[in-house]
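Colleague: Handing you a structure now.
The numbers here are math on the coordinates, done by the rules we state, and not lab data. Nothing here was measured: the structure is a model prediction, and the numbers come from that model. No Cβ is skipped: glycine too gets one built from the backbone with ideal geometry, and neighbour counts run over all protein chains shown.
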Amino acid sequence: MIFNKTKIKGLYIIEPELKIDNRGYFVEIFSKKEFSKKGLVFNIMRSCQSLTKKRGIIRGMHFQKESKAEIKIVQCLKGAIYDVAIDLRENSPTYGQYVSLELNEKNKKMFFIPKGFAHGFQTLVNNCQVQYFMSEIYSPEYASGVRWNDPFFNIKWPIKNIILSEKDKNWPLL
């Protein structure tokens, strides 16, 4: 696994190393040993997948508050997404900044998102499957979010014809 630092401390883009032969490929998605070498403590408590049927849908920007804040690893298994993480750590020098990248079924990249970040993505094609690994169980009373189009963040979403859930439409502005 190759761990690429981003402009925001704690956020990593992970490139898994594929072992390819005439049968196909084998790839290691998670290794506690490899993460520990980078000083990243990550205990998986939950893993989920989502299927998003249409191009242009935004899911986000989500996080869990306080004692239930979670670390996430996100990977696109099918299709392609524009993935975004916003730094919401109040004492961070990069507070309010975001990192974005394309995750897709070909590049197999993963996004490591520490506690204190809001996360969301926009589908770039129809029928996207996304897999998440999280360090906390889902706690609805701690679930929160910020608005996808908050001018404070000024996220440059690639597709202008946007589809949102009612919940994601109504997250507050920062």
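Colleague: Hey, can you tell me all the residues within segment 99-109 that are free of Cβ contacts under 8 Å to residues at least 40 places away in the same chain and under 11 Å from the mean Cα position of the chain (by Cα)?
Modeller: Passing the criteria: E102, L103.
Colleague: Something else about it: Anything in segment 23-41 that is closer than 29 Å to V125 by Cβ and assigned to a loop (DSSP other than H, G, I, E, B)? List them, or say none.
Modeller: R23, E28, I29, F30
Colleague: Give the residue, chosen from G96, G120, that is over 22 Å from Q49 (Cα atoms) and in contact (Cβ under 8 Å) with a residue 60 or more places away in the chain.
Modeller: Going through G96, G120 in turn, the sole match is G96.
Colleague: Considering only segment 62-95, state which residues are of a type in the set (S, T, Y), out of contact with any helix residue (DSSP H, G or I) (no Cβ under 8 Å at 6 or more places or on another chain) and either assigned to a loop (DSSP other than H, G, I, E, B) or closer than 14 Å to S144 by Cβ (or both).
Modeller: S92, T94, Y95 - these are the residues of segment 62-95 that are of a type in the set (S, T, Y), out of contact with any helix residue (DSSP H, G or I) (no Cβ under 8 Å at 6 or more places or on another chain) and either assigned to a loop (DSSP other than H, G, I, E, B) or closer than 14 Å to S144 by Cβ (or both).
Colleague: Same structure again: State all residues of segment 30-58 that are surrounded by 18 or more Cβ atoms within 10 Å (Cβ to Cβ) and touching a strand residue (DSSP E or B) at 6+ places or on another chain (Cβ under 6 Å); if no residue qualifies, say none.
Modeller: Selection gives T52, G56, I57, I58.
Colleague: While we're on this one: Do any residues in segment 27-46 that are touching a residue at least 60 places away in the same chain (Cβ under 8 Å) have Cβ atoms under 6 Å from those of residues that are exposed (fewer than 12 other Cβ atoms within 10 Å of the Cβ) and assigned to a loop (DSSP other than H, G, I, E, B), where the two are at least six apart or on different chains, and which pairs are they?
Modeller: Close Cβ pairs (under 6 Å, with a partner that is exposed (fewer than 12 other Cβ atoms within 10 Å of the Cβ) and assigned to a loop (DSSP other than H, G, I, E, B)) amount to M45/I137; R46/I137.
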